[in-house]
Amino acid sequence: MTNKHLQRAEETKQTILTAAEKLFVKKGFDAVSIREIAKEAKCSHTTIYLYFKDKEALLHELSMPSLEKLYDSIRKITDTASKTAEAKLKEISHLFIRFCLTNKNMYTIFINEKSSRVDEVDPNLEINKIRIRLFSLIQQTLGECIKIKSDEQLLAFSRIYFYNLYGILSTYSYQHEPTEVLIERLTPTFDLSVEVLLSGFKQIVRSEQK
């Protein structure tokens with residue numbers, strides 16, 4: 001294949017991805033068909049299958065680079081020996097919120113579409129494997145904060161922590177304020193939410209140990 005043909009193929013692939021992203025955001029992943037994506041991309045549905053096996057492959061291509069970058073960034077935080085566990089958890093919160101607000105149109109697709117349970121041992125989709133790895137870093141850091149021994153309780157607390165993050169995002173993802181300005185203004189509140197959750201979790205653990 002010549003360089004011209006390679007360039008044209010790459011352009012077609014990117015056009016398909018752009019069309020899929022637009023429709024996934026507008027209608028939701030499950031509601032969009034391959035034929036609709038082809039129509040939006042101005043190509044035949046058979047052309048799409050030359051580049052992507054199915055819709056899940058499109059989801060993978062759209063989501064994995066961003067999720068892998070997020071994972072690497074959070075991993076750097078968790079591996080930092082000079083910070084307390086609580087400081088790490090706050091920094092992870094800031095990073096996750098910034099990631100989602102920066103990707104306002106796509107973060108629900110990155111995080112939720114075709115998702116599995118966070119405690120699933122071996123999910124089929126690669127996207128769910130990276131999601132579970134992300135959640136595991138949060139869970140690990142939360143466990144370091146609370147010094148909890150019960151895996152079941154730590155999982156429950158980690159889910160509650162994630163619900164809090166998602167609540168923040170659902171509240172502020174439609175604001176027209178620039179992302180950095182919004183984050184700077186609300187960081188004290190975000191930090192306080194982490195402190196309140198940790199305080200509550202620790203109180204529960206202490207009360208159960210009496």
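The values are calculated or read from the model by the stated rules, or taken from the named source; none is laboratory data. What you are looking at is a predicted structure, and each value in this text was computed from that prediction instead of being measured. Counting neighbours? That spans all protein chains shown, and the Cβs are built from the backbone with ideal geometry, glycine included.
Of these, ALA19, ALA31, which one is assigned to a helix (DSSP H, G or I) and either within 26 Å of the chain's Cα centre (by Cα) or outside the structural domain of ASN105 (by TED's automatic domain parsing) (or both)?
When all the criteria are applied, what remains is ALA19.
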Study note, to complete from the structure: Over segment 67-106, the set of residues polar (S, T, N, Q), part of a helix (DSSP H, G or I) and over 22 Å from LEU198 (Cα atoms) is SER73, THR102
Exercise for review: For segment 149-162, state whether one or more residues are modelled with pLDDT under 95 and not in a helix (DSSP H, G or I).
Suggested key: yes
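Does segment 107-126 hold any residues that are β-branched (Val, Ile, Thr) and in a helix (DSSP H, G or I), and which are they?
The initial filter retains those residues of segment 107-126 that are β-branched (Val, Ile, Thr), namely 108-109, 111, 118, 121.
Of everything in segment 107-126, those that are β-branched (Val, Ile, Thr) and in a helix (DSSP H, G or I) turn out to be THR108, ILE109, ILE111.
Regarding GLU10, is this residue assigned to a helix (DSSP H, G or I), exposed (fewer than 14 other Cβ atoms within 10 Å of the Cβ) and of a type in the set (D, E, K, R)?
Values: assigned to a helix (DSSP H, G or I): yes; exposed (fewer than 14 other Cβ atoms within 10 Å of the Cβ): yes; of a type in the set (D, E, K, R): yes.
In short, yes.
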Review point. Restricted to segment 131-158, and to residues that are loosely packed, with under 15 Cβ neighbours inside 10 Å and basic (Lys, Arg), which residue is farthest from THR78 (Cα to Cα)?
Key: LYS149
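Kindly evaluate ARG185 against the criterion of being charged (D, E, K, R) and either outside any helix (DSSP H, G or I) or touching a residue at least 40 places away in the same chain (Cβ under 8 Å) (or both).
Numbers: charged (D, E, K, R): yes; either outside any helix (DSSP H, G or I) or touching a residue at least 40 places away in the same chain (Cβ under 8 Å) (or both): no.
The answer is no for ARG185.
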Exercise for review: State the number of residues belonging to segment 34-66 that are in a loop (DSSP other than H, G, I, E, B) and surrounded by 13 or more Cβ atoms within 10 Å (Cβ to Cβ).
Suggested key: 2
Revision key, fill the gap. All conditions in (1) free of Cβ contacts under 8 Å to residues at least 40 places away in the same chain; (2) of a type in the set (Val, Ile, Thr); (3) over 30 Å from ILE204 (Cα atoms); (4) surrounded by 14 or more Cβ atoms within 10 Å (Cβ to Cβ) are true of ILE127 except (1)
Study note, to complete from the structure: When segment 186-210 is checked residue by residue, the ones that are basic (Lys, Arg) and surrounded by 11 or more Cβ atoms within 10 Å (Cβ to Cβ) are LYS202
Practice item. For segment 130-164, enumerate the residues that are among the aromatic types (Phe, Trp, Tyr) and either in contact (Cβ under 8 Å) with a residue 24 or more places away in the chain or on the phi > 0 side of the Ramachandran plot (or both). Key: PHE135, PHE157, TYR161, PHE162
Practice item. Starting from segment 96-111, take each residue that is in contact (Cβ under 8 Å) with a residue 24 or more places away in the chain and outside the structural domain of THR171 (by TED's automatic domain parsing) and list its partners that are among the polar types (S, T, N, Q) and in a helix (DSSP H, G or I), counting only C-beta distances under 8 angstrom and pairs at least six apart or across chains. Key: none
Review point. Of the conditions (1) over 22 Å from PHE29 (Cα atoms); (2) at pLDDT below 95, VAL118 fails just one. Which one is it?
Key: (1)
Practice item. Considering only segment 142-181, state which residues are touching a Phe, Trp or Tyr at 6+ places or on another chain (Cβ under 6 Å) and among the aromatic types (Phe, Trp, Tyr). Key: PHE157
